[in-house]
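Notes for the one structure printed next.
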Amino acid sequence: MAGRTAPARRGGSKAEQSATTRAALLAEAQRHFAVKGFAATTAEDILQPLGLTRGALYHQFSGMRDLFRTVCRDMMDSCGNEVLSETGAATGDPVEQLRAGCIAFLRRAAEPDFARIVLTDGPAVLGWEAMAELDQGTWYPRFMETVRGAIAAGASLPADTDAAIRIVDGAVGKLAEWVATATDDREEVLRRAIAAVEALIRDPA
C-alpha cells in the first residue's frame with residue numbers, strides 16, 4: 001500500500017485547485033477505506049493529513065457515503081480498463097480473450113484494496129443494486145460483447161446468449177468474492193478460481 005497522501009496544494013486556478021483537492025480526498029479516502037474499512041473511517045481521518053476542513057469535503061461530495069461510492073466507481077473503472085486491456089492483448093481467439101478478461105478480474109479481486117473496498121464493503125455500504133449500476137460502466141458492455149464473440153466461436157457455453165452472459169457474470173462474480181474473502185492462502189484460492197474459469201470457458205470441442 002502506498003504511503004500517506006501529500007497535503008492538498010494551493011495555487012493555480014479555482015478549477016485546478018478543486019481538481020487537486022478532489023484527487024487528494026479520493027486518494028486519502030481509498031487508503032483509509034482499504035485499511036480500516038468504511039465503517040471505521042471518519043471524515044477527520046481523511047481530512048487531517050490533508051490539512052483540509054469539512055467544508056472542502058462537502059464541497060466535493062455530499063458526504064462520506066458519496067465519497068466511498070466515488071472511490072468504488074473509480075476502482076471499478078480502473079479494473080474494467082485492465083480487463084479490457086488483457087482481453088485485447090490476448091490472441092485473436094475470442095474464447096481465449098474471454099478467459100483472459102475473466103482471469104484479469106480475478107487477479108484484481110486478490111488485491112487487498114480492491115477486495116476490501118469493492119467486493120466486501122461495497123455491497124454492504126451501497127447495496128447490490130447500486131453496485132450493479134456502477135458495474136454497468138463504459139467497459140462492461142464491451143466485455144459482454146466479448147462473451148458474445150466467444151459464444152459465436154463455439155465456446156462451451158449455452159447457445160442462448162442472454163443465459164450465457166448471466167452464467168459467466170454470475171460465476172466469475174462469485175469466484176471473485178471467494179478470492180476476496182479468502183482468510184488463509186489467497187494465492188491458492190486464486191489459483192483454484194482461475195482453474196475453474198478455464199474449466200468453464202473451454203475451446204470448441
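The values are calculated or read from the model by the stated rules, or taken from the named source; none is laboratory data. The structure presented is a predicted model; accordingly, all values stated were derived computationally and were not measured. Reconstructed Cβ throughout: ideal geometry from the backbone, glycine too, with neighbour counts over all protein chains shown.
Looking only at residues that are in contact with an Asp or Glu (Cβ under 9 Å, 6 or more places away or on another chain) and of a type in the set (S, T, N, Q) in segment 116-147, which one is modelled with the highest pLDDT?
By that ranking, first place goes to Thr120.
What pairs can you find where one residue is in segment 144-172 and without any contact (Cβ under 8 Å) to a residue 24 or more places away in the chain, the other is among the charged types (D, E, K, R), and their Cβ atoms are less than 6 Å apart, with a gap of 6+ or different chains?
Listed pairs, sorted by first residue: Thr161/Arg148.
For segment 148-168, state whether one or more residues are loosely packed, with under 14 Cβ neighbours inside 10 Å, of a type in the set (Gly, Ala, Ser), assigned to a helix (DSSP H, G or I) and at pLDDT below 95.
yes
Checking Pro112 against (1) touching a residue at least 40 places away in the same chain (Cβ under 8 Å); (2) closer than 26 Å to Thr161 by Cα, which test does it fail?
Among (1) touching a residue at least 40 places away in the same chain (Cβ under 8 Å); (2) closer than 26 Å to Thr161 by Cα, the lone unmet condition for Pro112 is (2).
Can you give me the number of residues within segment 169-205 that are outside any helix (DSSP H, G or I) and surrounded by 17 or more Cβ atoms within 10 Å (Cβ to Cβ)?
Taking segment 169-205 and keeping what is outside any helix (DSSP H, G or I), we get 181-185, 201-205.
With surrounded by 17 or more Cβ atoms within 10 Å (Cβ to Cβ) added as a condition, the list becomes 182, 201.
Result for segment 169-205: 2.
Test Ala159 against the stated conditions and say whether it is aliphatic (A, V, I, L, M), more than 21 Å from the chain's Cα centre (by Cα) and under 17 Å from Arg99 (Cα atoms). Spell out how you get there, then give the answer.
Details: aliphatic (A, V, I, L, M): yes; more than 21 Å from the chain's Cα centre (by Cα): yes; under 17 Å from Arg99 (Cα atoms): no.
For Ala159, the condition - aliphatic (A, V, I, L, M), more than 21 Å from the chain's Cα centre (by Cα) and under 17 Å from Arg99 (Cα atoms) - is not met.
Select from segment 24-56 the residues that are closer than 17 Å to Ala115 by Cα and either among the acidic types (Asp, Glu) or loosely packed, with under 15 Cβ neighbours inside 10 Å (or both) and list them in ascending order.
Within segment 24-56, Val35, Lys36, Ala39, Ala40 qualify.
Which number in (1) basic (Lys, Arg); (2) outside the structural domain of Leu157 (by TED's automatic domain parsing); (3) in contact (Cβ under 8 Å) with a residue 24 or more places away in the chain marks the one condition that Arg54 misses?
Going through the list (1) basic (Lys, Arg); (2) outside the structural domain of Leu157 (by TED's automatic domain parsing); (3) in contact (Cβ under 8 Å) with a residue 24 or more places away in the chain, Arg54 breaks only (3).
Test each condition in (1) of a type outside the set (D, E, K, R); (2) exposed (fewer than 14 other Cβ atoms within 10 Å of the Cβ); (3) assigned to a helix (DSSP H, G or I); (4) in contact (Cβ under 8 Å) with a residue 12 or more places away in the chain for Pro141 and report the one that comes out false.
Every condition holds for Pro141 apart from (4).
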